[in-house]
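Trainee: What follows is a single structure, and I will ask about it in a moment.
The values are calculated or read from the model by the stated rules, or taken from the named source; none is laboratory data. Please read all numbers here as calculations on a predicted model, not as lab measurements. Reconstructed Cβ throughout: ideal geometry from the backbone, glycine too, with neighbour counts over all protein chains shown. Heads up: the accessible areas ignore ligands, DNA and RNA and are worked out on the full protein's heavy atoms, side chains in. Shrake-Rupley method; radii C 1.70, N 1.55, O 1.52, S 1.80 Å.
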Amino acid sequence: MPTLEWIGKSKVINHHQEVPFRVLERQYSYDEQGQHEEDNGSENMIIRGDNLEALKALLPRYERRVKCIYIDPPYNTGNEGWVYNDNVNDPKIKKWLGEVVGKEGEDLTRHDKWLCMMYPRLKLLQKLLAEDGAIFISIDDNELYNLKAICDEIFGQACFVGNISWQRTYSMRNDSKGIPSEIEHILVYSKHPDWVPNKLPRTEEMDSKYKNPDNDPLGPWQNTTAFAPGGASHQGMVYAIQHPFTGKMIYPTIDAHWRYQQEQMLEYMSGWAKYELQELDDAHERAKVCGLADDDVRKGVKAIVLSEPVELSSKKAQEVYDRGQWPRFYFTNSGKGGIRRKTYMDKVGGKPATNYWPFSETGHTDEAKKDLLSIFGGKSSFDTPKPHRLIERVLQIASNPDSIILDSFAGSGTTAHSVLNMNKADGGHRKFILVEMMDYADSITAERIKRVIRGYGEGKNAVEGTGGNFSFYDLGEPLLVGDCLNEAVATEKIREYIWFMETKTPYTPPAGDNPYYLGKHNSTGYYFYYEPQCVTVLDYAFLATIKEKADGTVIYADRCSIGEDKLAQMGITFKKIPRDISRL
């Protein structure tokens, strides 16, 4: 399949690799007791800053760990004031395009600009997504097909899960022109093609279809077909079963077979009367079911028939019917009708999520506006926020109680609100990461979450707090300035980065008193011998300080005074600071 092309694509296709790695600087933490300067250990994050740089900053801790990503990027309607907006003279878009795209940026349409903005961000989001994760992207018709094209390229066509239609409004304006838009889209992609969404909770309407007329100890059940399709390809499961009440031979319907293997079916039928396997001269009947000629149907397939006279068998079957607690396969019409199978409610599971989400189940934009007005005492700066019920539906089908949830276009903070709601409802420990580049990241995004945690509203309109916590971060210094380590960056942040680049795993400071030891991974010990204000040398004196045992050793230092042959004999790899520090 050809990929989508646009002006500037060649400059942004690998731009995520050129984005500088910046450290995250915690500004404050918040919990039910209020705001604190000290770190409260929260795993929930709200990050203020450009989401491209913020996503890069998250890689060392979160690459391949985020179970569910939801983003609501700008829809590019031509009327928005988003940071990469439609005005070519806007200083932010002009500066960014000038740096990344170059002179070509002067000729970009608004669609080119939008694609240039989205592509590198989606590349980083794909890296953050867990192996069993999925991303949900809200969009309208303006960029739907462009978004689908670049997602096919980044995530893979085989990983396209669906295009969900969300009914965003509960009433249409009478003065709408053309064909009014009642829905918005949510494109869904998974990290791998075999992703399976969670089922939704069962509804009362679903449960009402299950009854228990025979007082079955396994609980309520629904009558379903006794057959499965594919008789011709399952000829060993095409045979007669003798009716215990009437004595008639029952065959599967055309091109069908019995639901279970013959041994299991014999066991079920023996719950009504005594049965045995017996060969019948019934090739014609079985061939008819399979759609084959008599000579082509499988030979030697026995029937399940009564081993006692029909009169005696019928009497025993009636006793079972009157007693209740019938076998898994039973007979309708007081035993005189056709054969059916019990499907138990507790075996069916929840409700599959479809690609149509009505507002009655997932909320609408007016509901979301009213929520914000309630939270902020009658004030709201957002025209089209998403309702928390919509995001909760996403989380229901795409996360577990301990999942990490990411939203890199956080806006008013609905995603974090939804995570906190669900944790309160089911006692889960989902973690959220929000990124918002606009100035309101603290005054609106974080402020909303503070109020949700502690509760908001008064009197009969009061909403109880969800509890929870978070820490608020700004994007800090770049790790590397040119080809040198930035001495303004805390050493522990550099250690975390080095560890990730070597092992691709999150860093946990090791126990012990060696300040340069990073830890052991796959039988290799790692050391980062670094001091901001002096030159470090890998020599025999430093080697004498190493007490940790490992099959191999990697040591970062400014210089090395030991020859390569001697290092090789000792199983040591020297990496020069900063030359050998890999870039994300």
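Trainee: Within region 515-584, which trypsin sites (Lys or Arg not before Pro) sit in a loop by DSSP and count at most 16 neighbouring Cβ atoms inside 10 Å?
Mentor: Details: sites: 520, 547, 549, 559, 566, 575, 576, 579, 583; in loops: 547, 549, 579, 583.
When the trypsin sites (Lys or Arg not before Pro) of region 515-584 are filtered for loop state and at most 16 Cβ neighbours within 10 Å, 547, 549, 579, 583 remain.
Trainee: A follow-up question, please. Tell me, what % of the accessible area of the chain is carbon and sulfur with a 1.4 angstrom probe?
Mentor: 48
Trainee: OK, next. Per residue and in Å³, how big is the convex hull formed by the alpha-carbon atoms of region 207-343?
Mentor: 102
Trainee: Each label point is 7 Å from the Cα along the Cα-to-Cβ direction; what then is the distance between the points at residue 261 and residue 4, in nm?
Mentor: 5.0
Trainee: Residues of the chain: accessible area per residue at 1.4 Å, in Å²?
Mentor: Ligands and nucleic acids excluded, the result is 48 Å² per residue.
Trainee: Could you give the size of the charge dipole of region 317-459 about its Cα centre, using +1 on the Cβ of each K and R and -1 on the Cβ of each D and E, expressed in debye and rounded to the nearest 20?
Mentor: Approximately 780 debye in magnitude.
Trainee: Would you mind calculating the gained length between residue 462 and residue 38 on full extension (0.36 nm times residue separation, minus the Cα-Cα distance), in nm to one decimal?
Mentor: On the way: separation 424, 0.36 × 424 = 152.64 nm, distance 3.01 nm.
Answer, rounded to one decimal: 149.6 nm.
Trainee: A further question follows. Quick one: work out the % antiparallel among DSSP beta bridges in the chain, nearest 5.
Mentor: Details: 50 of 84 bridges.
Close to 60 percent.
Trainee: From the square roots a ≥ b ≥ c of the eigenvalues of the alpha-carbon gyration tensor of region 96-198, which class results: rounded (a/c under 1.5), prolate (a/b over b/c), or oblate?
Mentor: Oblate, because a/c is 1.5 or more while a/b does not exceed b/c.
Trainee: Given 10 °C and 1.306 mPa s, compute D for the chain with the Stokes-Einstein relation, Rh being the Kirkwood radius over Cα pairs; round to the nearest whole µm²/s.
Mentor: Answer, rounded: 54 µm²/s.
Trainee: Given R₀ = 35 Å, FRET efficiency for residue 546-residue 26 by Cβ-Cβ distance, to 0.05?
Mentor: Values: r = 32 Å, r/R0 = 0.92.
The calculated FRET efficiency here is 0.60.
Trainee: I would also like to ask the following. Between the DSSP loop rule and a limit of at most 13 other Cβ atoms within 10 Å, which trypsin sites (Lys or Arg not before Pro) in region 371-417 are left?
Mentor: 379
Trainee: Which of the pairs 113/148; 56/424; 248/316; 67/520; 386/460 have their Cα atoms more than 19 Å apart in this structure?
Mentor: From 113/148; 56/424; 248/316; 67/520; 386/460, over 19 Å: 56/424; 67/520; 386/460.
Trainee: Simple spin-label model, 7 Å along Cα-to-Cβ: residue 145 to residue 501 in nm?
Mentor: 4.4
Trainee: Give the relative contact order (percent, whole number) for region 366-426; include only Cα pairs under 8 Å separated by 6+ residues. Intermediate values should be presented prior to the final figure.
Mentor: Working: 41 pairs, mean separation 19.8, N = 61.
Once divided by the residue count of region 366-426, the mean separation gives 32 percent.
Trainee: Between residue 316 and residue 199, what FRET efficiency follows from the Cβ-Cβ distance if R0 is 35 Å, with the result rounded to 0.05?
Mentor: The computed FRET efficiency comes out at 0.30.
Trainee: About the Cα centre of region 459-584, how large is the charge dipole given +1 on each Lys and Arg Cβ and -1 on each Asp and Glu Cβ? Please answer in debye to the nearest 20.
Mentor: I would put it at about 280 debye.
Trainee: Sticking with this one: By how many nm would the segment from residue 215 to residue 354 lengthen if fully extended, with 0.36 nm per residue of separation less the alpha-carbon distance? Spell out each step's value before the answer.
Mentor: On the way: separation 139, 0.36 × 139 = 50.04 nm, distance 3.35 nm.
Result: 46.7 nm gained on full extension.
Trainee: How would 560, 68 line up by accessible area, probe 1.4 Å, largest first?
Mentor: From most exposed to least exposed: 560, 68.
Trainee: OK, next. Can you pull out the GluC sites (Glu not before Pro) in region 452-533 whose DSSP state is coil and whose Cβ has at most 15 other Cβ atoms within 10 Å?
Mentor: Within region 452-533, the qualifying GluC sites (Glu not before Pro) (loop, at most 15 other Cβ atoms within 10 Å) are 458, 487.
Trainee: Then there's this: Got a sec? Charge dipole of region 373-427, +1 on Cβ for Lys and Arg, -1 for Asp and Glu; which of 382, 418, 394 is way out at the positive end?
Mentor: The residue sitting farthest along the positive end of the dipole is 382.
Trainee: Place the peptides 199-207, 126-134 in order of packing, highest mean first, counting for every residue the other Cβ atoms within 10 Å and averaging per peptide.
Mentor: Values: 199-207: 11.8, 126-134: 20.2.
Per-residue Cβ counts within 10 Å, averaged per peptide and sorted highest first, yield 126-134, 199-207.
Trainee: For residue 323 and residue 132, what is the calculated FRET efficiency with R₀ set at 51 Å and r taken between the beta-carbons, to the nearest 0.05?
Mentor: Computed FRET efficiency for residue 323 and residue 132 comes out at 0.60.
Trainee: A further question follows. Below 8 Å between Cα atoms, with a sequence gap of 6+, how large is the relative contact order for the chain in percent?
Mentor: Result for the chain is 19 percent.
Trainee: With equal scatterers on the alpha carbons only and no solvent term, can you work out the Debye log10 of I(q)/I(0) for region 327-416 at 0.21, 0.23 1/Å?
Mentor: Relative scattering, expressed as log10 I(q)/I(0), comes to -1.09, -1.18.
Trainee: Report the paramagnetic label zone for residue 111: residues of region 1-28 whose backbone N is under 12 Å from a point 7 Å from Cα along the Cα-to-Cβ axis.
Mentor: Within reach of a label on residue 111: 4-7.
Trainee: Which whole-number percent is the relative contact order of region 334-456 (Cα, under 8 Å, 6+ apart)? Present the calculation step by step, with values, prior to reporting the outcome.
Mentor: Details: 130 pairs, mean separation 26.0, N = 123.
21 percent.
Trainee: What dipole magnitude, in Debye to the nearest 20, does region 147-231 give about its Cα centre under +1 on Lys/Arg Cβ and -1 on Asp/Glu Cβ?
Mentor: Dipole of region 147-231, to the nearest 20 debye: 180 debye.
Trainee: Here's a follow-up. Of 199/288; 11/191; 274/347; 431/575, which ones are farther than 32 Å apart at the Cα?
Mentor: Among 199/288; 11/191; 274/347; 431/575, the Cα-Cα distance tops 32 Å for 199/288; 431/575.
Trainee: Note the full-extension length gain between residue 160 and residue 481 as 0.36 nm times their separation in residues minus their Cα-Cα distance, in nm to one decimal.
Mentor: Details: separation 321, 0.36 × 321 = 115.56 nm, distance 3.91 nm.
So the chain would gain 111.7 nm between residue 160 and residue 481.
Trainee: What whole number of Å gives the distance from the Cα centroid of region 113-191 to the Cα centroid of region 558-579?
Mentor: Cα centroid to Cα centroid, the span is 49 Å.
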